[in-house]
Amino acid sequence: MSAALQHSQQNTIAHSIAADMEAVNAVIRQRLHSEVTLVNQIAEYIIGAGGKRIRPTLVLLIANAYAYQGTAHHELAAVVEFIHTATLLHDDVVDESSMRRGRQTANALFGNAASVLVGDFLYSRSFQMMVGLNNMRVMQILSDATNVIAEGEVLQLLNMHDPDVNEAAYLNVIRSKTAKLFEAAAQLGALIAGASDADVDAAGEYGRSLGTAFQLIDDVLDYAGDADTIGKNVGDDLREGKPTLPLIWLMEHGSQAQRQLVRNCIEQGDEQHFDAVLAAVTNSGALDYTRNAAQVAAGRASAAIAGLPDSGFKQSLLQLCEFAVDRDH
């Protein structure tokens, strides 16, 4: 898909919920406030960096697809964005990342200690907001999600520098670390709109599969992307010794020389051989395999919402599935 078409898709999706997203941004600004100046500075910095806002978008699109008329979806969308932002702050410290969304990471700018503590502030603020909604099912979905995400982070940490991680184990990390918050966001949109339990489950499957597709394409872009376009350093995964799907596939299907190259790079976190690894994952078909796995996941997401009533919001949800796999950032 061309960059122009991707941009057009994003604009169409954004336009369908523009007023809602403005309301969400107002909630975010209001709820970010703290008496502690540094909390405000870092929170504003990371939220102000923008990003695709996919998770709050899911809350809004699905609530609207079920014709929700209230305003609780604005609060929930902000909660989901706060949880996501907290995970980013903690992730960047753990990964020692220096660039995200085209800017310095908060830890690079403000230090690790401040980033971790402000991440804690955002987590705790999100739980204050959840309690304010006085809905036990909302609390259950979000508390379960944050717990699973934390487990996913630990799983990923255990997998670092381990060249023997297989595809099933890696996909389990994706489901926990990335797809779980997509799943929760989609479930919340359906739940707050009064959808049936079956429809809430279907929304969850949509979010889980969409999140999986997004992460798999992120894995591809870490090798085939452009730093200015994707907003982070290309090759970060290799530098951190992360065995992502392109490398796992190459370890299982590549030549002996390719396998040894990848094994050494994962074990040592070696980005000096990035060009050689890039050539190997490209020429072997590892990136194609990963893209195809993302397309399969996006197909599951589309199928999960087949029962949604036809509307512009449903069309936007289907467009998100296309964008997830065709994007270059």
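Quick notes on this structure:
- Any hit, region 257-266, residues being more than 21 Å from Ile217 (Cα to Cα), touching a Pro at 6+ places or on another chain (Cβ under 8 Å) and surrounded by 14 or more Cβ atoms within 10 Å (Cβ to Cβ): yes
- Condition check for Leu308: assigned to a helix (DSSP H, G or I) and in contact with a helix residue (DSSP H, G or I) (Cβ under 6 Å, 6 or more places away or on another chain): no
- Residue pairs meeting the criteria (Cβ under 7 Å; at least 6 apart or on separate chains; first closer than 13 Å to Lys52 by Cα and at pLDDT below 95, in region 312-329; second among the hydrophobic types (A, V, I, L, M, F, W, C) and not in a helix (DSSP H, G or I)): none
- Within region 303-318, the residues that satisfy the criterion of being among the polar types (S, T, N, Q) and surrounded by fewer than 18 Cβ atoms within 10 Å (Cβ to Cβ) are Ser311, Gln315.
- Any hit, region 95-116, residues being under 30 Å from Arg259 (Cα atoms) and touching a strand residue (DSSP E or B) at 6+ places or on another chain (Cβ under 8 Å): yes
- Sole exception among (1) under 18 Å from the mean Cα position of the chain (by Cα); (2) small (Gly, Ala, Ser); (3) farther than 21 Å from Gly211 by Cα for Ala43, by number: (1)
- Meets criteria (hydrophobic (A, V, I, L, M, F, W, C), surrounded by fewer than 21 Cβ atoms within 10 Å (Cβ to Cβ), at pLDDT below 95 and in contact with a strand residue (DSSP E or B) (Cβ under 9 Å, 6 or more places away or on another chain)) for Ala279: no
- The residues in region 178-199 that are without any contact (Cβ under 8 Å) to a residue 60 or more places away in the chain and part of a helix (DSSP H, G or I) can be counted, and the count is 8.
- Residue ranges of helices (runs of 4 or more DSSP H) in region 8-68 with at least 3 members in contact with a His (Cβ under 6 Å, 6 or more places away or on another chain) and crowded, with 19+ Cβ neighbours inside 10 Å: 54-65
- Taken as a whole, the structure leaves Asp218 outside the set of residues that are part of a helix (DSSP H, G or I), over 15 Å from the mean Cα position of the chain (by Cα) and either aromatic (Phe, Trp, Tyr) or surrounded by fewer than 24 Cβ atoms within 10 Å (Cβ to Cβ) (or both).
- Whenever a residue of region 106-121 is under 18 Å from Ala49 (Cβ atoms), its partners that are among the aromatic types (Phe, Trp, Tyr) and surrounded by fewer than 21 Cβ atoms within 10 Å (Cβ to Cβ), lying with C-beta atoms within less than 9 angstrom and at least six residues away or across chains, give the pairs Ala106/Tyr45; Leu109/Tyr45; Phe110/Tyr45; Val118/Phe110.
- Scanning region 253-281 for residues that are in contact (Cβ under 8 Å) with a residue 60 or more places away in the chain and part of a helix (DSSP H, G or I) yields Val262, Arg263, Ile266, Glu267, Gln268.
- Evaluation of Asn147 against the conditions (1) in contact with a Pro (Cβ under 7 Å, 6 or more places away or on another chain); (2) under 30 Å from Thr71 (Cβ atoms); (3) not aromatic (Phe, Trp, Tyr) shows that the sole unmet condition is (1).
- Some residue of region 53-67 being touching a residue at least 60 places away in the same chain (Cβ under 8 Å), farther than 24 Å from Arg208 by Cα and among the β-branched types (Val, Ile, Thr): no
- Unique residue being surrounded by fewer than 14 Cβ atoms within 10 Å (Cβ to Cβ) and not aliphatic (A, V, I, L, M) when the list is Asn134, Asn112: Asn134
- Residue within region 282-302 that is part of a loop (DSSP other than H, G, I, E, B), crowded, with 17+ Cβ neighbours inside 10 Å, over 18 Å from the mean Cα position of the chain (by Cα) and touching a residue at least 60 places away in the same chain (Cβ under 8 Å) present: no
- Check on Ala324, surrounded by 16 or more Cβ atoms within 10 Å (Cβ to Cβ), closer than 22 Å to Gly211 by Cα and touching a Pro at 6+ places or on another chain (Cβ under 6 Å): no
The values are calculated or read from the model by the stated rules, or taken from the named source; none is laboratory data. All of these numbers come straight from a predicted model, not from anything done at the bench. Quick reminder, even Gly has a Cβ in these numbers, built from the backbone with ideal geometry, and neighbours come from all protein chains shown.
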